[in-house]
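Right, one structure below, let's go through it.
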Amino acid sequence: MRQDSLSQKIDWTSVLLFAALVLAGWLNIYAAEYDPEINQSLFDIQTSAGRQMLWILTSVAIAFTIFFFDYKFFDSFAYITYGIFMAMLLFILIGGKEVAGSKSWVGIGGFGLQPSEFAKFATAFALAKYLDHSTRKLTNLNTLAVSFAIILLPMGLTILQGDTGTALVFAALVVPMFREGMPPLLLIVAVSIFAVFLLTLLVSQTVILAGIAIVTLLFLGLNARNPKRLLYIVVSAIVVTFAVRSVDFILTDVLQPHQQKRILSLVNPNIDPLGAGWNVTQSKIAIGSGGFAGKGFLEGTQTKFDFVPEQTTDFIFCTIGEEHGWVGSILVLALFCTLLIRLSILAERQKSTFSRVYGYGVIGIIFFHFTVNIAMTIGLFPVIGIPLPFFSYGGSSLWAFTILLFSFLKLDAHRMQVLQRL
C-alpha cells in the first residue's frame, strides 16, 4: 500500500495555531511602537515590526527545511547538538556581548543571537535521547542524577551569563521526566519550596516553620505503617525547612540588587514604584484600561506615550490587554491553551520514548514561557525577562521556538515509521 505523503502526515492544526500566534504577535509589535505622527509602515525594516517580518519569513524557511530533514537526524545527532550548544554557552562567558546586564549574546553584523534560546531544544533532545533506553527508569537514582545533570548544565552556564530568567526555563524539562515516571514527591517538594519561598516574603518564618511541623506530624501519623513513606516525609520536611531558613541568605547574598528589588516589588509594588515596580504597575494600568473590548487597534494610550518599557518584548501582552481588552486577551490565552492541548495529544500518540519525551519537553518549555510571561505582566510573578512564545519581538526567540515546535511535528509525522523500526 502506498504511504501517505508528508503533507498528509503533518499536523496542520498545530501549524495553523503557530501561524495565528506569529501573525497576532507581529501586529501587536507594530501596535506597541506605533507613532501616529510618523505613520510608519508595517513593512518598514527600520521598525521592530519590519524586522520581525524578516524573522518570520526566515522562521517559515526554517520550518520547511526541518520538514525535509530525515526524521532520524534528531535522534542520531541529539548528543552532538547538545555538545555544540554547551560549547557555545561556554564561549559566551568569554567572548559574549553584554545586553541589558546579561552577557548572553553573540553579535553577528547588526544583529544579535542568544545561544541560550537554542540550548533549550538541544537540551530537550539530549534528555529524550538519554531516556530513550529500556533500562533507564526515572525511579532509579542514577538515571535521575544523569537526567538532572543534563538539565542543570545549561541552566548553570546561563546563570553565569547573568540571565537568570532564561536559566529557569530549563526547569520546565521536569515535565517529560514526570511523564516518564519520576516520583511525584520530587515535583511536589520543588513546588512546595518555591511556594514557601514566596510565602516567607509575606509571613513570619516562625509561623511558616510551625505550619511545616504540624503538616509533617499529620502526614507521619497517616503513614505510620509505611517506613519508606516516613523517610520521604521527614526528608521533605527537612528540605522545605532549609528552604525557609535560606530565604534571607538568597535574597541578600545570592541575588543581584536588581533581582532583589524585582522579587520584593512582587510582594509590595510600592517599595520602588519608579524603579523595579514601574514596569509591572504601568503594565497593569494598560491592561486594566482596556476594559472588556479594548480601545481598538493602534489606539492604546499607554503604548503611544511609552509608559511601559520593553513593550515589544517581555511586556507585549499588555498591548493586547489595552487595545483588545478582555476579549482579545482571552482569545490569545485560548490560542496558547489549544496549542498546548494539541501538542499533549500528539505527545501521547508517539510510538517511541524519544519522540514522547521530546514532545513533552516542547510542551513544558512553551507552557513555562506562556504562563510566566503573562504572570509577569499582571504582577503575579517577578519580572525575569522571558518572551511570550511566537509573540514577542526577537529573532533568537522566534527561531528557537520554531525549531522546537517543528522538530516535534516532523517526528510526529513519522511516528508510524518509528514503530516499524521498533
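The values are calculated or read from the model by the stated rules, or taken from the named source; none is laboratory data. As the structure is a computational prediction, the values presented were derived from the model and not from experiment. Using ideal geometry, Cβ is built from the backbone for each residue, glycine included, and neighbour counts are taken over all protein chains shown. Ligands, DNA and RNA are stripped out before the accessible areas are found, and what is left, the full protein with its side chains, is counted by its heavy atoms. Shrake-Rupley method; radii C 1.70, N 1.55, O 1.52, S 1.80 Å.
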**Fill in**
If each part is reduced to its alpha-carbon centroid, the stretch 1-58 and the stretch 181-223 end up apart, in Å, by 44 Å
**Request:** Report, in deg cm²/dmol and to the nearest 500, the calculated mean residue ellipticity at 222 nm for the chain, where each DSSP H run with n ≥ 4 adds -39500 (n - 2.57) and the sum is divided by the residue count.
**Result:** -22000 deg cm²/dmol
**Item:** Sparsely packed chymotrypsin sites (Phe, Trp or Tyr not before Pro) within the stretch 276-381, loop by DSSP, other Cβ within 10 Å at most 16
**Value:** PHE292, PHE297, PHE305
**Request:** Might you work out the accessible area of THR216 for me, using a 1.4 Å probe with all protein chains in place, and round it to the nearest 10 Å²?
**Result:** 30 Å²
**Request:** Any chance you could run the full-extension gain for VAL207 through VAL234? It's 0.36 nm times the residue separation minus the Cα-Cα distance, nm to one decimal.
**Result:** 7.8 nm
**Request:** Pull out the extension gain between ARG225 and ALA149, defined as 0.36 nm times the separation in residues minus the alpha carbon to alpha carbon distance; nm, one decimal.
**Result:** 23.9 nm
**Item:** With every protein chain in place, the chain: carbon and sulfur % of accessible area (1.4 Å)
**Value:** 68 percent
**Item:** Per-residue SASA entry for ASP75, accessible area with 1.4 Å probe, Å² rounded to 10
**Value:** 40 Å²
**Prompt:** What is the sum of charges around PHE74, taking Lys and Arg as +1, Asp and Glu as -1, for the other residues whose C-beta is under 10 Å from the C-beta of PHE74?
**Reply:** +1
**Request:** Go through PHE197, PHE178 and list them by solvent-accessible area, largest first, probe radius 1.4 Å.
**Result:** PHE178, PHE197
**Heavy-atom accessible area per residue - the stretch 284-395, 1.4 Å, Å²** = 34 Å²
**Complete:** So for R0 = 22 Å, FRET eff. of TRP12-LYS72 from the Cβ-Cβ r, to 0.05, ends up at 0.40
**Asked** Among THR81, THR143, LEU160, whose Cα lies farthest out toward the positive end of the dipole of the stretch 15-171, if unit charges sit on the beta carbon of Lys, Arg (+1) and Asp, Glu (-1)?
**Response** THR143
**Prompt:** What nm value, rounded to one decimal, do you get for the distance between ASP44 and ALA171 when each label is placed 7 Å out toward the C-beta?
**Reply:** 4.2 nm
**Request:** Quote to one decimal, in nm, the extra length available between THR301 and LEU333 on full extension: 0.36 nm per residue of separation minus the C-alpha distance between them.
**Result:** 9.2 nm
**Item:** Relative contact order (percent, whole number), the chain, Cα cutoff 8 Å, 6+ residue spacing
**Value:** 26 percent
**Label assignment, Cα extents along the principal axes in Å derived from the structure, set (i) 73, 67, 46; (ii) 70, 44, 42; (iii) 98, 52, 40** = (i)
**Request:** Go through ILE66, GLY288, TYR30 and say which Cα lies farthest out towards the positive end of the charge dipole of the chain; charges sit on Cβ, +1 for Lys and Arg, -1 for Asp and Glu.
**Result:** ILE66
**Fill in**
Scan of the chain for trypsin sites (Lys or Arg not before Pro) in DSSP loops with at most 14 other beta-carbon atoms within 10 Å gives a longest site-free stretch of 3-136
**Prompt:** Is the stretch 138-205 rounded, prolate or oblate when judged by the Cα gyration tensor, a ≥ b ≥ c being the square roots of its eigenvalues, rounded requiring a/c under 1.5 and prolate requiring a/b larger than b/c?
**Reply:** oblate
**Request:** Quick one, could you list the DSSP H helices from the chain stretching 15 Å or more along their long axis (Cα atoms) with average Kyte-Doolittle hydropathy of 0.0 or above?
**Result:** 12-32, 48-67, 78-95, 115-131, 141-160, 184-200, 205-222, 227-245, 278-289, 316-348, 353-377, 395-413
**Request:** Using +1 at the Cβ of each Lys and Arg and -1 at the Cβ of each Asp and Glu in the stretch 345-422, identify which of LEU405, GLY395, ASN373 lies farthest towards the dipole's positive end.
**Result:** LEU405
